[in-house]
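Participant: Structure below; questions to follow.
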Amino acid sequence: MRVVSLGSSSSGNALLVEAGPGGRTKLLLDAGLSGRMMTERLRKVGVSPAQLTAVLLTQHWSVFAVLPV
């Protein structure tokens, strides 16, 4: 299992959780960064938005990113 903080501040929060064989399951918790910033941060840790299994939003606000898939 791997847990990576992609952002944790008043400007946005996001957490990537990878689990299962070879990190096959990729869950994004919250997406409080811009789509561009989220994509950049995911790519820095070797993950593309298309690889995400699911996105779990803990709040519904307009600040959450819309990720291209």
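The values are calculated or read from the model by the stated rules, or taken from the named source; none is laboratory data. Keep in mind that what you see is a predicted model, and the values were worked out from it rather than measured. Here Cβ is always computed from backbone atoms with ideal geometry, including for glycine, and neighbour counts include all displayed protein chains. Areas reflect the complete protein model, heavy atoms only, side chains present, ligands, DNA and RNA absent. Shrake-Rupley method; radii C 1.70, N 1.55, O 1.52, S 1.80 Å.
Participant: When residues of the stretch 20-29 are filtered for being open to solvent by less than 60 Å² (accessible area, probe 1.4 Å) and farther than 15 Å from Glu40 by Cβ, how many remain?
Facilitator: Residues meeting the conditions: 5.
The rows are residues; the columns are (1) surrounded by 11 or more Cβ atoms within 10 Å (Cβ to Cβ); (2) in a strand (DSSP E or B); (3) at pLDDT 95 or above.
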site	(1), (2), (3)
Val4	yes, yes, yes
Ser8	yes, yes, no
Ala14	yes, yes, no
Glu18	yes, yes, yes
Gly32	yes, no, no
Arg43	yes, no, yes
Val47	yes, no, yes
Val63	yes, no, no
Val66	no, no, no
